[in-house]
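Taking it in order: structure first as structure tokens, then the write-up.
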């Protein structure tokens, strides 16, 4: 099945408008066969919670390279509402019992896992075995071992894996990445990244459940800070120290409430981050030897803005961009799938964060000792 | 001598324009004797380095309640330059050998210690014994024990002690203090404060010398972050954890280069701070339950600005204020001395920071363990 799926996918292979800088590996002969309007790839959303409802489904309405072709839900009521709203065929509607039969559905090219963290690995692997390309929400898994198993399963089944890192498609965030690559202001000295919000009692209650979420603020929001420090330096951290505090022992009985941590990077940069489920903070600050860059807010769906400084003088404003991050993210993956080009937010990219998170929790468990990554 | 000095000071006692909110303790009879223009108090600067030269002496030129009446320096060349520039009498010029004879000089009411940290305690105590009121630069001492000895000496000699905390006289910083007092946005959840710069090799070389500075970035810049977390919460921290990193083992052989730390406050607030001598960062962010406040930059001599948020919506801009912080600070102390009202940045205020710094270094020494303050 995976091999068939892969072959049928290859028939549709075409070169989309490139969000990717990697050279097109296709021979000239194939280029001549490119249709004028490439087929939109069908995406099935697995899990119809808040993020699917408010962000992904609307983004798929305006997407150019993919569309919402299927849904997977355990809630009968949602099924009828979504089918009516998005004109989804009955045959493209699945539940968690018949999920694996998605393998024979040609309308579904990509499965997007939007389930609680503890189910990411299982459903990614099942989707891979069904021969479907996979987007999995962040964090990709509960830990690096699961993440590696997901990557292995996707490779073994010839499907592509991408993680739901939408910020790689935000123009201002891309500017921060460019500054890390081009280093116009010299070496990177320091990154301060914070991502935190005050979580409600009812919304997404699974996030407060250790078994389902695998952890608290770190898994959900801290991962943005880790990402930010990584793309702001363009380097992988080599060591970490982490600290935890808790003020609401009822609500956060099972998961971390507020965590801070510091990371060492091989080029000498150092980061300090804060994440929390019980306060508001959202910023990325990068200090270069001869300048700085700031995004504040840094991780929101809309409104990301900032400034670039030469020395201490602002030299450029990073204006609010009105792009739909999720639409770009899914379109980018769809084009990559068509072109056979791995996602810029691949499983391997997700795995790097899981390795950091594993080390972070090891540091917390030792009372804040330095842990090598 | 201190008692005489105190008595001669009392003859001049008058009510200045109040920077102080504490009720005037004088009887009505004394109020009738207030002269229209109170005498300006004479200040002697002890140590004519960068801060005295570029900040304090210029500020004293425009001050209304005090003036530069004397200097204490070990450098003959500086003596003549300063005497010429500021019209200082030969008799009001001292060196470190004859410093104690300042006791008999009626032109000098206040001694401002602007020496390397290791000399703060000695010269504050000698000034107190000479019957002079004292302003001492921050950090007030190398540790809390020295700070307590300074407070005791000033009390025993009937003189007032103030620490060079200029930000308490910055209008935008005062807004942050008011928010801590009035709490219009509910409980204080989180403070992020950072103060760091890239230190040169030559300027103020004593700052890189452990014996003279007592420590590195923490002593010089970290104290701003501690102050900020304290005035942003209006509370005293109860525990601290600290982490250190070093990239330049040559320049920072003797002192700390980059340090991060977290503090717990009794009302549940948590802080995360970064200080360094090898990167640039300058910010104060406060997250309240229903709002936030931001100063960026937060500790500069000029240009401090920020915003106040209700929820996540900016509701007020804290515009750049053109006040001279040092002038206000010294005028405020001079009025307090005249009125017999303790400084709002008293020795006790300085001691609170020294206790935190002592705990911070204890935490560093234990590899980042939680230390109660």
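Scanning segment A:181-202 for residues that are in a loop (DSSP other than H, G, I, E, B) and more than 14 Å from chain B (Cβ to nearest Cβ) yields A:183, A:184, A:201, A:202.
Inspect segment A:319-327 for any residue being in a strand (DSSP E or B) and either in contact (Cβ under 8 Å) with a residue 12 or more places away in the chain or within 20 Å of the chain's Cα centre (by Cα) (or both) and give the result as yes or no. Checked against the condition, which is being in a strand (DSSP E or B) and either in contact (Cβ under 8 Å) with a residue 12 or more places away in the chain or within 20 Å of the chain's Cα centre (by Cα) (or both), segment A:319-327 yields no hits at all. Residue B:316 meets all of the listed conditions (1) touching a helix residue (DSSP H, G or I) at 6+ places or on another chain (Cβ under 9 Å); (2) in contact (Cβ under 8 Å) with a residue 12 or more places away in the chain but one, namely (2). Scoring residue B:74 on the criteria (1) closer than 25 Å to residue B:157 by Cβ; (2) under 19 Å from the mean Cα position of the chain (by Cα); (3) without any contact (Cβ under 8 Å) to a residue 40 or more places away in the chain leaves a single failure, condition (2). Any residue at all in segment A:243-260 that is free of Cβ contacts under 8 Å to residues at least 24 places away in the same chain and touching a strand residue (DSSP E or B) at 6+ places or on another chain (Cβ under 6 Å)? The answer is yes, given that some residue of segment A:243-260 is free of Cβ contacts under 8 Å to residues at least 24 places away in the same chain and touching a strand residue (DSSP E or B) at 6+ places or on another chain (Cβ under 6 Å). For residue B:337, the stated conditions do not hold, so it cannot be described as surrounded by fewer than 16 Cβ atoms within 10 Å (Cβ to Cβ), modelled with pLDDT of 95 or more and outside any strand (DSSP E or B). If the condition is being within 13 Å of another protein chain (Cβ to nearest Cβ) and surrounded by fewer than 22 Cβ atoms within 10 Å (Cβ to Cβ), then segment B:302-327 contributes B:302, B:303, B:305, B:307, B:309, B:310, B:311, B:312, B:313, B:314. For segment A:356-373, a residue qualifies if it is within 14 Å of another protein chain (Cβ to nearest Cβ), more than 16 Å from residue B:245 (Cα to Cα) and in contact with a helix residue (DSSP H, G or I) (Cβ under 7 Å, 6 or more places away or on another chain), and exactly one does: A:360. Considering only residues that are outside any loop (DSSP other than H, G, I, E, B) and within 17 Å of the chain's Cα centre (by Cα), which ones fall in segment A:140-153? Selection gives A:144, A:146, A:147, A:148, A:150, A:151. Set side by side, the residues A:122, A:137 differ, and just one is assigned by TED's automatic domain parsing to the domain that holds residue A:49, under 18 Å from the mean Cα position of the chain (by Cα), crowded, with 20+ Cβ neighbours inside 10 Å and under 19 Å from residue A:154 (Cβ atoms), which is A:137.
Criterion first (surrounded by fewer than 24 Cβ atoms within 10 Å (Cβ to Cβ), within 14 Å of chain A (Cβ to nearest Cβ), touching a residue at least 60 places away in the same chain (Cβ under 8 Å) and touching a helix residue (DSSP H, G or I) at 6+ places or on another chain (Cβ under 7 Å)) does residue B:277 satisfy it? Taking the combined requirement at face value, the residue does not satisfy it.
Of all the residues in segment B:215-243, those that are within 14 Å of chain A (Cβ to nearest Cβ) and either under 17 Å from the mean Cα position of the chain (by Cα) or surrounded by fewer than 23 Cβ atoms within 10 Å (Cβ to Cβ) (or both) number 9.
Right, residue A:186: free of Cβ contacts under 8 Å to residues at least 12 places away in the same chain and assigned by TED's automatic domain parsing to the domain that holds residue A:313 or not? It is false that residue A:186 is free of Cβ contacts under 8 Å to residues at least 12 places away in the same chain and assigned by TED's automatic domain parsing to the domain that holds residue A:313. In summary, residue B:205 fulfils each of the numbered conditions (1) at pLDDT 95 or above; (2) more than 10 Å from chain A (Cβ to nearest Cβ) with the single exception of condition (1). Here residue B:162 meets each of (1) touching a residue at least 40 places away in the same chain (Cβ under 8 Å); (2) more than 12 Å from the chain's Cα centre (by Cα); (3) not in a loop (DSSP other than H, G, I, E, B) with one exception, condition (2). All conditions but one from (1) closer than 23 Å to residue A:364 by Cβ; (2) more than 9 Å from chain A (Cβ to nearest Cβ) apply to residue B:264; the one that does not is (2). Scanning segment A:340-366 for residues that are assigned to a helix (DSSP H, G or I) and farther than 15 Å from residue A:227 by Cα yields A:361, A:362, A:363, A:364, A:365. If you go through segment B:37-73 and pick out every residue that is part of a loop (DSSP other than H, G, I, E, B), at negative phi and surrounded by 14 or more Cβ atoms within 10 Å (Cβ to Cβ), you end up with 9.
If you check residue A:284 against the conditions, is it at the interface with another protein chain (Cβ under 9 Å from one of its Cβ atoms) and farther than 30 Å from residue A:40 by Cβ? So residue A:284 fails the test. Checked against (1) assigned to a helix (DSSP H, G or I); (2) within 24 Å of residue B:213 (Cβ to Cβ), residue B:115 passes all but a single condition, namely (1).
Taken as a whole, the condition of being at pLDDT 95 or above and in contact with a strand residue (DSSP E or B) (Cβ under 8 Å, 6 or more places away or on another chain) does not apply to residue B:143.
The values are calculated or read from the model by the stated rules, or taken from the named source; none is laboratory data. The structure displayed is predicted, hence computed values, not measured ones. Every residue, glycine as well, gets a Cβ built from its backbone with ideal geometry; the counts of neighbours run over all protein chains shown.
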